[in-house]
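Just below is one structure, and these are the notes that go with it.
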Amino acid sequence: MRVQAFMFYGCAIFFLVTDVVYWLWSKDWTGTTALALSVGLAGLIGFYIHFTVRRLEKANEGPLYEDDPQGEIVQAAGEVGFFSPHSWWPLFVAASAACITLGFIFGWWLVVFGVAATLMSCIGLVFEYYRGHFQH
Amino acid sequence: MLPVATASAIQATPHARTNRPNLVSVGTIVWLSSELMFFAALFAMFFTIRSVIIGQEGHHAWPGAELDLPLSAFNTTILVLSSVTCQMGVFKAEAGKVGRDGGLLNVKRWGLREWYVLTFLMGAYFVAGQCFEYYNLVTKDGLTLSSSPYGSVFYLTTGFHGLHVTGGLIAFLFVLGRTYAAKRWTHEQATSAIVVSYYWHFVDVVWIGLFGVIYLLDL
């Protein structure tokens, strides 16, 4: 992960240099702002991965298996996280979000309906594993 | 009897492994980076239209309305402070302290819930303040989304940000709901509290940028 962090830092530095040169040549606010935010785009991910890898190395008391040239695939075994085995809710969330978008074309009444449907389907998605048999 | 092969394979740990990044957190950060590009488009729109119409009079005036700087500055302060209260909630979430164990006014004994409710109220105040500002601009200055280029730019940039704040408020409600719905407080609930705080800090930082260009740049 350390390598990935520095790859993103590299992109951020590239955008930073480009940004400065662009501003000096063009004095254009639009492109300069967009490039400055691109520094954030790469820098934010780089910073977060760097921050995470430092924390994990401390917890792991040594480099992570990804960064170890002698590392084995088997070291990466174990729980990755919680993944919903099957859920209908993303479909309902997408359908209700589509209602909002279609409402911009067909009429505001559909937007009102879509917002209400989105809220309800989001509640369904967020709380799916917080009720019933498989409650967390 | 031979040990059953599957028995040891499903030894699920209640906590995520310490040598692996949390997928939800990393995914949230990647998504927030792409959100940054969404706002980059809004900034690009702002500066493009500004550079085209600045210096003109009447319909194409820039800025097209007298903005209420004190109101907006106070609103901004509330939003920035809400990031602080949000972070206090995160510290409590990481410590596993969900609810308060003292009186309601005993801030030192507050848990995640109290800090997040306070953050929610401050965020709601921000949105309400922005609605009040819109109301004044529409009724007193006649600035609407379609009245002038400045109106379009102003309402699109601040409006999309306001929608993001509203989305964050709903997310706070979901996290608060989860604190009540979960049987016990685990890593997963803490993660959702933490990633909502990432989003909230992001929305806050974006607003500081928007506030700077919309309210301070053309003073």
* Asked: Conditions: (1) hydrophobic (A, V, I, L, M, F, W, C); (2) under 22 Å from residue B:175 (Cα atoms); (3) at pLDDT 95 or above. Residue A:110 meets all but one. Number of the miss?
  -> (2)
* Which of the residues that make up the stretch B:55-102 are of a type in the set (Gly, Ala, Ser), over 30 Å from residue B:144 (Cβ atoms) and assigned to a helix (DSSP H, G or I)? -> B:83, B:89, B:93
* Asked: in contact with a Ser or Thr (Cβ under 6 Å, 6 or more places away or on another chain) and either within 14 Å of chain A (Cβ to nearest Cβ) or exposed (fewer than 14 other Cβ atoms within 10 Å of the Cβ) (or both), is that true of residue B:77?
  -> no
* For residue B:93, indicate whether it is among the small types (Gly, Ala, Ser) and under 17 Å from the mean Cα position of the chain (by Cα). => no
* Asked: For residue B:91, are the conditions met, namely being among the aromatic types (Phe, Trp, Tyr), more than 15 Å from residue B:214 (Cβ to Cβ) and out of contact with any Leu (no Cβ under 8 Å at 6 or more places or on another chain)?
  -> yes
* Structure fact -> residue A:21 fails exactly one of (1) part of a helix (DSSP H, G or I); (2) outside the structural domain of residue A:115 (by the TED database); (3) surrounded by 12 or more Cβ atoms within 10 Å (Cβ to Cβ), namely (3)
* Structure fact -> Of B:210, B:169, B:173, the only residue that is touching a residue at least 12 places away in the same chain (Cβ under 8 Å), part of a helix (DSSP H, G or I) and closer than 24 Å to residue B:62 by Cβ is B:210
* Only residues that are more than 20 Å from the chain's Cα centre (by Cα), more than 15 Å from residue A:1 (Cβ to Cβ) and either among the hydroxyl-bearing types (Ser, Thr, Tyr) or assigned to a helix (DSSP H, G or I) (or both): list them for the stretch A:43-88, please. => A:73, A:74, A:87
* Structure fact -> Given (1) part of a loop (DSSP other than H, G, I, E, B); (2) modelled with pLDDT of 90 or more; (3) facing chain B (nearest Cβ under 8 Å), residue A:33 misses just (1)
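The values are calculated or read from the model by the stated rules, or taken from the named source; none is laboratory data. Because the structure is a prediction, the values reported are computed rather than measured. All Cβ positions, even for glycine, are placed from backbone atoms using ideal geometry, and neighbour counts span all protein chains on display.
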